[in-house]
Amino acid sequence: MRAYYSAKDKRKYGDMSYESKYLLDPKFMTKRDLQHYYRYYNMTKNRGQLKKIVVIIFFVCVFSYLFVDYNLRTKLLRLRDRFDFIARIYDADYNISQAYFVDTPGCRMPYFEITDDNIAQFMFKPKPYSCKKSLIKASDDTPGELHLNMQPNELLSYYNVSDIATISCKYKEIRRITDTAIGFLPQVPFKLEEIMRLPSNLEFIQVECYDASAHRIYVDYHFFGVDKNESKVSAPTGKNYKRVRLNESEPIRKTEQQEGLSVMILGLDSVSHLNFLRQMPKTSTYIKKHLPHVEFWGFNKVGDNTFPNLVPLLSGLDQQELYISCVNKVKPVFDRCSFIWKRFKQAGYKTVFAEDVGEIAMFNYFQKGFRNAPTDYYFRPIMLEMEKNIANTRVLNLNLCMGGRRTADILLEYIRKLIPKFQRELFFSFFWTVTLTHDYFNAPTLLDGQMASQLRNLKESGVLNKTLVFLMSDHGLRFGSFRKTYQGMMEERQPLLTILYPDWLAERYPEAVANLQLNAKRLTTHFDIHATMLHLLDMRNLEKEQLQISAEEMNEPDSTLPRGISLFLPVPVERTCEQANIASHWCTCHERQEMLTNDGRVQRAARYLVRLINDRLKPHPQCRTLYLNSILQAFIAAPHHKILKELENDYAVDITLRLQTKPGLGVFESTVRMSGYTTALTGTISRINLYGSQSFCINDSTLKMFCYCHR
């Protein structure tokens, strides 16, 4: 029987059964059968085309991979300017980037860029905001003087008042009772005018104004820098109380007091060093151009939030020690604690403590604060009243406006009003702003112009000529999208610290200022600031002989390194996080461990280094191409394992390796930073064996150690 047959149109149907022939013969197929047949035929045809496309894509990918890999090794095509992953060289001759903020035997704190493509995705310019304009403002220079702050057209627009004479006003003085209780003296009426002069001894007042119908149209709070009478502050108690005076029995002489330095802590909450440079360029530029200063790149926080970081600064104790030494469980207030302002008070200084928050203030957030006012000038009473009665524009955790003023500007206004006092007397002052810096990565830029102006005012008024300023923070930003990155996590542990000092300090105490500059790249903490302020209680502590004695005592073989070291002394290079009382979880110094030479990361770093060397030698054909002969030793420096628990893969490690190349058997050593798919050189490549006459054919001193000349 035939396996095929021919139709009338001469088409042959191959090896088929009778049923198959019958079913596929168009003469015997119904319309529906034909539809199914062509649908199946088209589907089969499309599948065949899809297979061809997949095969083509596969071969293109394989070819591309092989080509790129070959090009990375041979540089057949110069793609360096187009692809970021191509190897780059960063050394002295190739615009090297710094590898570490701190690079000492005790601590290697990795370097981070201020801005790059990764950080740019988190940056934007926040929209400026303003508060409703105030009817009255207080004079910065004259205590008790108020000024009308509106034009007639503004009075009509804001309050529907056309005649100023129809407005009646009253003020009442605010008196502190406790940190949570405020008292008021009886109201005193006054007439609303262009300039209103109230008694000059008023420090804090509430002002209310009424229209002709006796409706209250305005309420606000004002403050002045008044003269304070001498008030006795009880001496610090407890075993941690220690004098820094050279002669304990000798009181401070008047001449010494006149030659002393005021001390100002100017704090920006939740601002890392890099974010300060990133978000406040006007302030940082003004400092760099006009003010003698030292930036501290190795400043590491010692606790989680504000309180455990500022307690060491203000008391020299950690949080637990403070509670044990001076906070009674029955009456948990801080009056008995030996804070640094008490030491300065004993030395004849006036003291100031001011924050721009009341409810979440440092000593009052879930705590009882102080029974008695801790300092001569204490800003909390009026700040608390403002928060209760005129706070507005609440964003997340904080109120951005107090009546008609930005909350952060109120603290700066208070500083301006104290400038006449700063000019005449020695002061210890603590100013801390929270509202514009605490919650958002980009918000500090809204304070930049005002902070730069404030520093300019302090300089032009002469205050900075007699004041040492700690421009600082407690920690970096503690939450948000940037904080979730590896750099954000490290910045949270590296707060801002810049010390501003008068010009004459470097002339009179050159060794002390030289040590400040030396410590800029040493591991430092808030404990060190406390020790530094103790040194400033007696300026004789900054003399060369006394600094040498103190340094020798600290470095004695049998002595234990103190956790708080004055920044006027050289901080030892061997200092570790443990010695500085930094818990491993907060330590930003990388841990160093030896690695197996056959580890994949080590192999990748070694090939990367050899590729970089050959890239340098490429323009010099008289030098032979080098190949990896062996890896002799490798170390890894990574974040502490307790920090790594917070991360997944978003962190960098530094691999330091020693390798040998051929021909020539040169031994090279360098450190490569690896993060995800990126690899970069963190320093120079060093040759640690002699190359003799191997490089006779080249005269470039920077390439001689790499070149092995053709024989």
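Could you check how many residues of segment 611-622 are in a helix (DSSP H, G or I) and farther than 12 Å from VAL672 by Cα?
Total satisfying the criteria: 6.
Looking at the structure I just gave you, is LYS350 basic (Lys, Arg) and surrounded by fewer than 19 Cβ atoms within 10 Å (Cβ to Cβ)? Against the criterion (basic (Lys, Arg) and surrounded by fewer than 19 Cβ atoms within 10 Å (Cβ to Cβ)), LYS350 does not qualify.
Candidates are the residues of segment 339-359 that are in contact with a helix residue (DSSP H, G or I) (Cβ under 6 Å, 6 or more places away or on another chain) and of a type in the set (Gly, Ala, Ser); the one that is nearest to GLY225 (Cα to Cα) is ALA354. Here the condition is being buried (at least 17 other Cβ atoms within 10 Å of the Cβ) and either at pLDDT 95 or above or not basic (Lys, Arg) (or both); of ALA520, ALA506, it holds for ALA520 alone. In segment 498-589, counting only helices (runs of 4 or more DSSP H) that sit wholly within it, the ones holding 3 or more residues that are within 23 Å of VAL263 (Cα to Cα) and of a type in the set (D, E, K, R) span 503-508.
Taken over segment 357-388, the criterion of being without any contact (Cβ under 8 Å) to a residue 24 or more places away in the chain and among the aromatic types (Phe, Trp, Tyr) is satisfied by PHE366 alone.
Each row is one residue, and each column tells you yes or no for (1) in the same structural domain as GLY303 (by TED's automatic domain parsing); (2) surrounded by fewer than 16 Cβ atoms within 10 Å (Cβ to Cβ); (3) not charged (D, E, K, R).
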| residue | (1), (2), (3) |
| --- | --- |
| LEU317 | yes, no, yes |
| GLU321 | yes, yes, no |
| CYS326 | yes, no, yes |
| PHE334 | yes, no, yes |
| LYS342 | yes, no, no |
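For segment 350-385, taking the residues that are touching an Asp or Glu at 6+ places or on another chain (Cβ under 8 Å) and of a type in the set (Phe, Trp, Tyr), the one that is farthest from SER315 (Cα to Cα) is identified as PHE379. Is at least one residue of segment 266-286 surrounded by 17 or more Cβ atoms within 10 Å (Cβ to Cβ) and modelled with pLDDT under 90? Among the residues of segment 266-286, not one is surrounded by 17 or more Cβ atoms within 10 Å (Cβ to Cβ) and modelled with pLDDT under 90, which makes the answer no.
Number of residues in segment 340-377 that are more than 30 Å from LEU400 (Cβ to Cβ) and touching a Pro at 6+ places or on another chain (Cβ under 8 Å): the value is 2. For THR671, the stated conditions do not hold, so it cannot be described as hydroxyl-bearing (Ser, Thr, Tyr), at pLDDT below 80, crowded, with 18+ Cβ neighbours inside 10 Å and touching a strand residue (DSSP E or B) at 6+ places or on another chain (Cβ under 7 Å). Of the residues making up segment 470-482, those that are in a strand (DSSP E or B) and surrounded by 24 or more Cβ atoms within 10 Å (Cβ to Cβ) number 2.
Whether any residue in segment 426-444 is assigned to a helix (DSSP H, G or I) and either over 25 Å from the mean Cα position of the chain (by Cα) or under 30 Å from TRP504 (Cα atoms) (or both) is what I want to check.
Scanning segment 426-444, I find no residue that is assigned to a helix (DSSP H, G or I) and either over 25 Å from the mean Cα position of the chain (by Cα) or under 30 Å from TRP504 (Cα atoms) (or both), so the answer is no.
Can you tell me which residue is surrounded by the fewest Cβ atoms within 10 Å (Cβ to Cβ) among those in segment 137-166 that are in contact with a helix residue (DSSP H, G or I) (Cβ under 8 Å, 6 or more places away or on another chain) and part of a helix (DSSP H, G or I)? If we take residues in segment 137-166 being in contact with a helix residue (DSSP H, G or I) (Cβ under 8 Å, 6 or more places away or on another chain) and part of a helix (DSSP H, G or I), then PRO152 is surrounded by the fewest Cβ atoms within 10 Å (Cβ to Cβ).
Could you tell me which residue of segment 392-403 is farthest from the chain's Cα centre (by Cα), considering only residues that are surrounded by 18 or more Cβ atoms within 10 Å (Cβ to Cβ) and either among the acidic types (Asp, Glu) or under 18 Å from LEU447 (Cβ atoms) (or both)? Give the steps one after another, and end with the answer.
Filtering segment 392-403 for residues surrounded by 18 or more Cβ atoms within 10 Å (Cβ to Cβ) gives 398-403.
From what's left, either among the acidic types (Asp, Glu) or under 18 Å from LEU447 (Cβ atoms) (or both): 398-402.
Numbers: LEU398: 20, ASN399: 23, LEU400: 22, CYS401: 25, MET402: 27 Å.
Applying the filter and picking the extreme gives MET402.
Checking each residue in segment 372-389 for being surrounded by 19 or more Cβ atoms within 10 Å (Cβ to Cβ) and either of a type in the set (S, T, N, Q) or not in a helix (DSSP H, G or I) (or both) picks out PRO374, THR375, ASP376, TYR377, TYR378, PHE379. In segment 100-111 there is no residue matching the filter, namely being loosely packed, with under 13 Cβ neighbours inside 10 Å and small (Gly, Ala, Ser).
Does VAL602 satisfy the condition of being crowded, with 21+ Cβ neighbours inside 10 Å, in contact with a Ser or Thr (Cβ under 9 Å, 6 or more places away or on another chain) and either in contact (Cβ under 8 Å) with a residue 40 or more places away in the chain or of a type in the set (S, T, N, Q) (or both)?
Spelling it out, it is not the case that VAL602 is crowded, with 21+ Cβ neighbours inside 10 Å, in contact with a Ser or Thr (Cβ under 9 Å, 6 or more places away or on another chain) and either in contact (Cβ under 8 Å) with a residue 40 or more places away in the chain or of a type in the set (S, T, N, Q) (or both).
Taking segment 286-301 as the range and being closer than 22 Å to LEU477 by Cβ and either touching a His at 6+ places or on another chain (Cβ under 6 Å) or in a helix (DSSP H, G or I) (or both) as the test, the residues that pass are ILE287, LYS301. Looking at segment 577-599, I want the residues that are at positive phi and outside the structural domain of LEU313 (by TED's automatic domain parsing) and have a partner that is surrounded by 14 or more Cβ atoms within 10 Å (Cβ to Cβ) and of a type in the set (A, V, I, L, M, F, W, C) with Cβ atoms under 8 Å, at least 6 apart or on another chain. Which pairs are those? Close Cβ pairs (under 8 Å, with a partner that is surrounded by 14 or more Cβ atoms within 10 Å (Cβ to Cβ) and of a type in the set (A, V, I, L, M, F, W, C)) amount to ASN581/VAL302; ASN581/PHE527.
The values are calculated or read from the model by the stated rules, or taken from the named source; none is laboratory data. All values derive from a computational prediction rather than experimental measurement. Every residue, glycine as well, gets a Cβ built from its backbone with ideal geometry; the counts of neighbours run over all protein chains shown.
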